[in-house]
């Protein structure tokens, strides 16, 4: 088939549409449409763009209404595939819904049919269920979820900007980063996970390893199109972050490692851990309360416990809420099976901030000093009168340190 100026190639017509759409040139789009054009968007009718339309005037109204309903943040075209009169556009968008201020992102495929140089049919395939949630003002929108390799991860997703991915330690939950989330989400997109076996997330009943978790997060970063992220990991979360950084350096803008270790657990501690594991699984509420109180005395600084008894009680209640089996399996991964990865540290190129409390008995200061010394580009921050949970025990100092580190990183 020969194409003339009056009958341009289908791909060229679609490319012209995409350029005009990105620039908001509605009348230019209308000039590209056939008189009987069909616009087809499936989904929940409460979503403003959903429905079946026919004719240029209907499409004009749809286009004019689009900026009243969405504030575009990202519109990326990854590929255009053309064959005869069919053109597929593969990409991703991220828009803020004006009525709810919920920001929603989705992969998309747009199928155009072009006849005689005019667009005759448009149909978009996107995450219509997620869009419906985004248009619901009563939805707890910040709470998102994704199933990765069979495990359901739930997480908070708040803010816009460069992405900070937070991963907590054993026995904790996303709540440990509450102060950082509140402060940093004004300038950054903060994704705060509940790790498997903790909080609202699920777990694999056959067990997992820290390497498994690092592979899950690497897949999440890629498939949710998060770009280069800064991972903020505390204890177990930092152990996962180190493994990910060694194997997927292209995904990282930086690392913040809080109270962690690159070594296997000390052999002399394992018997006590075995006893605690049994209590986690089968102990009475009173026995578990006693265990959680003992753990707090071990991981938290004495001054924080003395002045924050209400917060400490809340943390113990949260520990009780974790699934018994899930928490025991998380213990297996983070304690019994974690292994030594000090040999990986010199290969990690990401700029790194290492934070440790001087009263950290779970992962003593020497372990953080070792990590900072072996990493090629690391800075060590030691916090006075602070134990294993700096994000809560020294919230302002940790928040300021993360903000300064990320800002300095973005300027290099």
Practice prompt. Check whether at least one residue in segment 374-385 is touching a strand residue (DSSP E or B) at 6+ places or on another chain (Cβ under 8 Å), closer than 25 Å to residue 408 by Cα and assigned to a helix (DSSP H, G or I), and report yes or no.
Written response: no
Item to complete: Report whether or not residue 18 is modelled with pLDDT of 95 or more, surrounded by 17 or more Cβ atoms within 10 Å (Cβ to Cβ) and under 31 Å from the mean Cα position of the chain (by Cα).
Response: yes
Response to the item:
Screening 345, 331 for residues that are at pLDDT 95 or above and surrounded by 21 or more Cβ atoms within 10 Å (Cβ to Cβ) leaves only 331
Worksheet item: With 147, 120 as the choices, which residue is surrounded by fewer than 16 Cβ atoms within 10 Å (Cβ to Cβ) and at pLDDT 95 or above?
Response: 147
Worksheet entry | Residue check for residue 243: under 24 Å from residue 357 (Cβ atoms) and over 19 Å from the mean Cα position of the chain (by Cα) | no
Worksheet item: Listed residues 77, 81; which is free of Cβ contacts under 8 Å to residues at least 24 places away in the same chain and touching a strand residue (DSSP E or B) at 6+ places or on another chain (Cβ under 7 Å)?
Response: 81
Item to complete: Please work out if residue 338 is over 17 Å from residue 210 (Cβ atoms) and either modelled with pLDDT of 95 or more or crowded, with 21+ Cβ neighbours inside 10 Å (or both).
Response: no
Worksheet, complete the sentence: Quick count over segment 28-53, residues being at pLDDT 95 or above and touching a strand residue (DSSP E or B) at 6+ places or on another chain (Cβ under 7 Å), is 13
Worksheet item: Would you call residue 202 out of contact with any helix residue (DSSP H, G or I) (no Cβ under 6 Å at 6 or more places or on another chain) and outside the structural domain of residue 51 (by TED's automatic domain parsing)?
Response: yes
Discussion item. Being in contact (Cβ under 8 Å) with a residue 24 or more places away in the chain and either closer than 15 Å to residue 255 by Cβ or in the same structural domain as residue 185 (by TED's automatic domain parsing) (or both) is the requirement here; does residue 400 meet it?
Written reply: no
Fill in: Pair list, Cβ < 6 Å and 6+ apart or interchain, from segment 370-382 residues that are in the same structural domain as residue 254 (by TED's automatic domain parsing) to residues that are assigned to a helix (DSSP H, G or I) and at pLDDT 95 or above
374/345; 374/346; 375/345; 378/372; 380/372; 381/401
Worksheet item: Quick check: is even one residue across segment 159-166 closer than 19 Å to residue 322 by Cα and either at pLDDT 95 or above or touching a strand residue (DSSP E or B) at 6+ places or on another chain (Cβ under 8 Å) (or both)?
Response: yes
Worksheet entry | Test result for residue 287, in contact with a helix residue (DSSP H, G or I) (Cβ under 6 Å, 6 or more places away or on another chain) and more than 28 Å from residue 366 (Cα to Cα) | yes
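The values are calculated or read from the model by the stated rules, or taken from the named source; none is laboratory data. These numbers come from a predicted model, not from an experiment. Ideal geometry is used to build each Cβ from the backbone, glycine not excepted, and the neighbour counts take in all protein chains shown.
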